[in-house]
1. How many residues are in contact with a helix residue (DSSP H, G or I) (Cβ under 6 Å, 6 or more places away or on another chain) and among the β-branched types (Val, Ile, Thr) when one looks only at the range 31-45?
2. Quick check on ILE24: is it surrounded by 12 or more Cβ atoms within 10 Å (Cβ to Cβ), in a helix (DSSP H, G or I) and touching a residue at least 40 places away in the same chain (Cβ under 8 Å)?
3. Report the residue count in the range 1-41 for those that are of a type in the set (S, T, N, Q) and either closer than 30 Å to THR55 by Cβ or more than 13 Å from the chain's Cα centre (by Cα) (or both).
Amino acid sequence: MEPVQGPDVLVLRSETQKEVCAAIETLRPDDQELVRFKVWEGLSNGEIGKILGITDRAVEGRYTRALRKLAKILNGDRLVAPSSPPSTETGEVE
């Protein structure tokens, strides 16, 4: 029997799911499809490869890259270059 979870845990889980779904939607459509096949449909790399017409290794590489992008998005990192270069001030005079 699973333990009963309080409303705070259920709300947190719901919010996390919304964040993950929103992050997935920012991926390229082909990466979204790959993540859907892998996570929601539980397909193997071989099965996904047959559907997409790519090798198992290509599936593995694309999935790894997609997960890295998702991690950056969910951790608040930017995936695009900032409009201005980062500050390089070190307090030293050139």
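Read-outs: derived from the displayed coordinates by stated rules, not from any lab. Bear in mind that the values here come from a model prediction, so they are computed numbers and not experimental data. Backbone-built Cβ (ideal geometry, glycine too); neighbour counts: all protein chains shown.
1. Here the count works out to 1.
2. yes
3. Initially, the range 1-41 is screened for residues of a type in the set (S, T, N, Q), giving 5, 14, 16-17, 26, 32.
Subsequent filtering for residues that are either closer than 30 Å to THR55 by Cβ or more than 13 Å from the chain's Cα centre (by Cα) (or both) retains 5, 14, 26, 32.
So the count comes out to 4.
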